[in-house]
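Okay, so here's the structure we're looking at.
The values are calculated or read from the model by the stated rules, or taken from the named source; none is laboratory data. If you're wondering where the values come from, they're calculated on a predicted model, not measured in any experiment. Cβ placement follows ideal geometry from the backbone for every residue including glycine, while neighbour counts extend to all protein chains displayed. Only protein heavy atoms, including side chains, enter the accessible area calculation; ligands, DNA and RNA are left aside. Shrake-Rupley method; radii C 1.70, N 1.55, O 1.52, S 1.80 Å.
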Amino acid sequence: MSQSETQVLSVASECVPLVKTGGLADVAGALPGALARHGVRMRTLLPGYPAVMAALADAEAVLEIEACFGGPARVLAAEVDGLDLLVLDAPHLFDRPAGIYLGHDGRDWHDNPQRFAALCRVAADIAGGALAGWRPDVVHCHDWQAGLAPYYIARNPDAAGVKTVLTIHNIAFQGLANAALCGSLGIDIADFTPDGVEYFGQISTLKAGLQFAHKLTTVSPTYAAELMTPEFGMGLDGVLRARSADLVGILNGIDEDVWSPEGDGEITPFKTPRGKGANKDALRTEFGLGEADGPLCIVVSRLTEQKGLDLLLGALPALLERGGQLALLGSGAPELEEAFRRAADHPNVGVRVGYDEALSHRMMAGGDAILVPSRFEPCGLTQLYGLRYGTLPVVALTGGLADTVIPATPATMARNVATGLQFHPVTQGALAHALSRLCDLHADPKTWGKMQRNAMAHPVGWDVSAKDYAALYAGLLGQTE
Ligand code: ADP
Ligand code: GLC
C-alpha cells in the first residue's frame with residue numbers, strides 16, 4: 001500500500017459480480033478498479049448475504065462485534081475478483097433466502113432499518129479506527145442503505161477528520177423507518193428534526209446521508225439539476241437545494257471489458273456495425289421472431305413505473321405497423337409482466353420475463369435499437385451498453401439519458417455526431433412518434449450505419465468520471481490531485 005494513496009471505504013448494499021438487483025451493483029463493482037488508476041485504494045463494505053459469503057475464500061476475520069443489532073457479527077476481509085472486500089458477516093441480519101431487500105412475499109424485510117443501520121454502524125466504527133492497521137480517509141456511501149453512515153460518523157468523535165460522500169443513485173428509495181426506532185437505531189432524538197433525519201414524521205436514512213455527508217453526488221449532471229426541483233426531488237428537493245453547493249453530478253461509466261462487442265463471452269464478436277448480423281439472426285431465433293424489414297428493438301429492464309414501459313405497450317403499433325420488432329427481457333410489476341406476455345401474441349414481439357445477464361449481452365449485440373422510455377432515470381446503464389454495441393438508443397429526455405445520447409436532429413446529422421433519438425414529453429404519443437422516426441432512419445442504411453459508428457465511438461467507460469471522483473476526494477482532503 002503506497003502512503004500517498006487515498007484510502008476510501010465504499011459502503012454498498014450490492015456489488016457486481018457478487019450480488020445485483022440494479023445499476024448500483026455495476027457502479028459499486030466497477031469503481032474500485034477505475035479509481036485504482038487515479039491513486040485511490042477503495043475497499044468495499046458489503047452485507048454478508050448468502051451469495052457474498054459463498055464467494056469468499058481465504059477470508060480473514062478482522063473485527064469481532066459482540067452485539068450488532070440483535071446478534072453477534074464479524075467483519076471478514078477477502079479479495080474476490082480483484083475487489084478488496086470487507087464483509088459484514090451477521091447471520092441474524094443477512095443469512096436469509098429470497099431477495100436481499102424483499103422476502104418471499106415480495107415485501108421489504110421487516111427489519112431492513114436495522115439490517116442497513118448495522119452496515120452503517122460498522123462503517124462508522126471502521127472510520128473511527130476499529131480495524132487494526134487501516135482507516136479510510138473518505139467513506140463513500142451509496143443510496144439509502146448507506147445513508148446512516150455519514151450520520152454515525154458525524155456523531156463519532158473517534159472518526160473526526162474522516163470525510164464522507166453520499167451518492168444518490170435513485171431518490172425514489174428513501175429508507176423510511178418508524179420514528180419509534182430512533183433509540184434502537186442509535187439516532188439521537190435531538191437529531192430527529194426537519195434539519196436532521198426526520199422526514200414527514202418518519203426517519204429517512206437517505207435524508208440522514210443528505211444532511212450529514214460532506215459532499216453529495218448523483219450519477220448524472222442532468223439528474224443533479226432535476227433533483228432540486230419538486231417534480232423530481234420526491235420531497236427531498238428542498239434539502240438538496242439547501243445543499244446545492246455540495247452536490248455534483250458525475251456520470252456513470254460501464255465496464256468496457258465486461259461489455260465489449262469484440263468479445264464478451266456471449267456473442268459473435270464484431271468490430272464494426274456490419275458484424276452485428278450474426279448476432280441479430282441468433283437473437284431473432286432465440287426470441288422466435290422471423291425476418292422483418294423494420295428495426296429489431298430491444299428492452300432490458302426492471303418493469304416498474306420508473307421505466308415507463310407501460311407507454312411502450314401503447315406505442316408499440318407505431319413500430320409493428322412499419323415492420324419493426326420487439327424483444328423484451330424484464331421482470332417486476334406482475335401486471336406489466338402479464339401485459340408484455342400478452343403483447344408477445346404478435347409474431348413480431350418476443351418477451352422473456354425474468355432476469356438473465358447472459359441473454360442481456362446477446363440482446364445488446366443483436367438488437368438494432370434499445371428503448372429506454374423512463375419517466376425519470378438518474379443515469380441508466382443499458383443505453384450505454386447499447387451505444388457500445390452499435391444498438392441505437394431511443395430514450396426519454398431525462399436524467400442520464402439526456403446526458404449520454406446525442407439525438408438525431410438536422411444539426412447533429414449535418415455534423416455527423418448523432419447516436420440515437422430522444423423524445424419529450426415522456427408520453428405514449430411522443431414515444432410512438434420517436435419509434436416512427438426510428439423506422440424512417442432505419443430505412444436509410446447509409447444514415448443508420450453512420451449513427452451506429454458514432455454510437456460505437458462514443459466514450460462510455462469510466463476514465464473521465466473516475467478522475468472526477470478522485471478529484472472530489474482530493475478536494476475534501478485539502479489535496480490537489
Ligand atoms: P436500474 O438500476 O434503475 O434498474 P440501470 O440501467 O442503471 O437501471 O441498471 C440496470 C442494470 O440491470 C443493467 O445492468 C441491466 O442490464 C440490468 N438488468 C435489468 N433488468 C434485467 C434483466 N431482466 N435481465 C438481465 N439484466 C437486467
Ligand atoms: C439507479 C438508477 C439508474 C442508475 C443506477 C446506477 O438504480 O435507477 O438510473 O444508472 O442507479 O447509478
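General observations
- Within the range 1-41, being among the charged types (D, E, K, R) and either within 12 Å of ligand 1 (Cβ to nearest atom) or in contact with a Pro (Cβ under 9 Å, 6 or more places away or on another chain) (or both) holds for GLU14, LYS20, ASP26, ARG41.
- Check on LEU56, within 25 Å of the chain's Cα centre (by Cα), over 23 Å from GLY129 (Cα atoms) and either within 16 Å of ligand 1 (Cβ to nearest atom) or outside the structural domain of GLY175 (by TED's automatic domain parsing) (or both): no
- Matching residues in the range 101-122 - criterion: being of a type in the set (A, V, I, L, M, F, W, C) and touching a helix residue (DSSP H, G or I) at 6+ places or on another chain (Cβ under 8 Å): TRP109, PHE116, ALA117, ALA118, LEU119, CYS120
- Residue match in the range 338-358 (condition: in contact with an Asp or Glu (Cβ under 6 Å, 6 or more places away or on another chain), open to solvent by 10 Å² or more (accessible area, probe 1.4 Å), touching a residue at least 60 places away in the same chain (Cβ under 8 Å) and within 14 Å of ligand 1 (Cβ to nearest atom)): yes
- Members of the range 385-400 found to be within 12 Å of ligand 2 (Cβ to nearest atom) and within 10 Å of MET364 (Cβ to Cβ), listed by number: TYR385
- Restricting the range 5-43 to residues that are over 24 Å from ALA117 (Cα atoms) and assigned to a helix (DSSP H, G or I), the residue that is most open to solvent (accessible area, probe 1.4 Å) is ALA36.
- From the list PHE232, PHE270, the one residue that fits, being closer than 27 Å to GLN452 by Cβ and touching a residue at least 40 places away in the same chain (Cβ under 8 Å), is PHE270.
- When the range 369-422 is filtered for residues that are open to solvent by less than 10 Å² (accessible area, probe 1.4 Å) and more than 18 Å from the chain's Cα centre (by Cα), the ones remaining, listed by number, are ALA369, TYR389, GLY390, THR391, LEU392, VAL394, ALA408, ALA418, THR419, GLY420, LEU421.
- Test: VAL258 is open to solvent by 10 Å² or more (accessible area, probe 1.4 Å), within 16 Å of ligand 2 (Cβ to nearest atom) and not assigned by TED's automatic domain parsing to the domain that holds GLU14: yes
- Residues in the range 394-450 that are assigned to a strand (DSSP E or B) and in contact (Cβ under 8 Å) with a residue 24 or more places away in the chain: VAL394, VAL395, ALA396, GLY420, LEU421, GLN422, PHE423.
- The range 291-309, residues that are farther than 16 Å from ILE370 by Cα and away from ligand 1 (no atom under 16 Å from the Cβ): GLU291, ALA292, ASP293
- Criterion: surrounded by 15 or more Cβ atoms within 10 Å (Cβ to Cβ) and farther than 17 Å from TYR389 by Cα - qualifying residue of GLY253, GLY249, GLY288, GLY275: GLY249
Residues are listed down the side, and each one gets a yes or a no for (1) of a type in the set (S, T, N, Q); (2) closer than 22 Å to PRO269 by Cα; (3) within 12 Å of ligand 1 (Cβ to nearest atom):
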site: GLU321; (1), (2), (3): no, no, no
site: ALA333; (1), (2), (3): no, no, no
site: ASP368; (1), (2), (3): no, yes, no
site: VAL372; (1), (2), (3): no, no, yes
site: GLN383; (1), (2), (3): yes, yes, yes
site: GLY386; (1), (2), (3): no, yes, yes
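- The set of residues in the range 462-478 being more than 14 Å from VAL162 (Cα to Cα) and without any contact (Cβ under 8 Å) to a residue 12 or more places away in the chain consists of ALA471 alone.
- Pairs meeting the criteria (first residue in the range 308-319 and farther than 8 Å from ALA432 by Cα and at pLDDT 95 or above, second residue open to solvent by 10 Å² or more (accessible area, probe 1.4 Å) and in a loop (DSSP other than H, G, I, E, B), beta carbons under 8 Å, at least 6 apart or on different chains) are GLY308/ARG375; GLY308/VAL426; LEU311/VAL426; LEU311/THR427.
- Residues that are in contact with a His (Cβ under 9 Å, 6 or more places away or on another chain) and assigned by TED's automatic domain parsing to the domain that holds GLY449 within the range 267-315 comprise ASP293, GLY294, PRO295, ALA315, listed in sequence order.
- Conditions (1) touching a strand residue (DSSP E or B) at 6+ places or on another chain (Cβ under 7 Å); (2) within 16 Å of ligand 2 (Cβ to nearest atom); number of the one not met by ARG341: (2)
- Output for the range 120-137, where each listed residue is in a helix (DSSP H, G or I) and surrounded by fewer than 24 Cβ atoms within 10 Å (Cβ to Cβ): ARG121, ASP125
- Positions within the range 239-257 being of a type in the set (A, V, I, L, M) and without any contact (Cβ under 8 Å) to a residue 60 or more places away in the chain, in sequence order: VAL239, LEU240, ALA242, ALA245, LEU247
- Taking the range 168-235 as the region of interest, the helices (runs of 4 or more DSSP H) fully inside it that hold 3 or more residues being surrounded by 22 or more Cβ atoms within 10 Å (Cβ to Cβ) are 205-212, 221-227.
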